[in-house]
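Student: Right, I'll just put the structure down here and ask away after.
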Amino acid sequence: MTEHYLDEDLIVTVLKTVYDPEIPVDVYELGLIYKITINNQHVKIDMTLTTPNCPEAQSLPLAVKERVEMLPAVESAEVEIVWEPKWGPEMMSEEAKLAIGYF
């Protein structure tokens, strides 16, 4: 049996491959990921959206879940949408702010 390594850095690396289709920045750099919890082979991610009526409200969390579940060490992933704290542009990384021209 092959052991697969799983930690938060690996999850973050995968999350950086999921992009908001309306903004050319990944969900992690956008500041949409609030919390990552790893319990054995189960990953729980608390994330938010830029607005409650985001057009990607259905597809973006599903994309996050599916991408994380592609990791060999992950048996299951759960994505919970949370609204507190409310997302704002200040939550974006400097890289994200540069990418969209937010200064």
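Results for (1) within 18 Å of Asp7 (Cα to Cα); (2) of a type in the set (Gly, Ala, Ser); (3) touching a Pro at 6+ places or on another chain (Cβ under 9 Å); (4) free of Cβ contacts under 8 Å to residues at least 24 places away in the same chain, shown as yes or no for each residue.
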residue: Gly31; (1), (2), (3), (4): no, yes, yes, no
residue: Thr37; (1), (2), (3), (4): yes, no, no, yes
residue: Gln41; (1), (2), (3), (4): yes, no, no, no
residue: Ile45; (1), (2), (3), (4): yes, no, yes, no
residue: Thr48; (1), (2), (3), (4): no, no, yes, no
residue: Cys54; (1), (2), (3), (4): no, no, no, yes
residue: Leu62; (1), (2), (3), (4): no, no, no, yes
residue: Met70; (1), (2), (3), (4): yes, no, no, no
residue: Ala73; (1), (2), (3), (4): yes, yes, no, no
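Student: Among the residues of the stretch 45-65, how many are closer than 12 Å to Ile23 by Cα and among the hydroxyl-bearing types (Ser, Thr, Tyr)?
Tutor: Total meeting the criteria: 1.
Student: Can I ask one more? When you look at Ala63, is it hydrophobic (A, V, I, L, M, F, W, C), within 14 Å of the chain's Cα centre (by Cα) and modelled with pLDDT under 90, yes or no?
Tutor: No: the conditions fail for Ala63.
The values are calculated or read from the model by the stated rules, or taken from the named source; none is laboratory data. The structure presented is a predicted model; accordingly, all values stated were derived computationally and were not measured. No Cβ is skipped: glycine too gets one built from the backbone with ideal geometry, and neighbour counts run over all protein chains shown.
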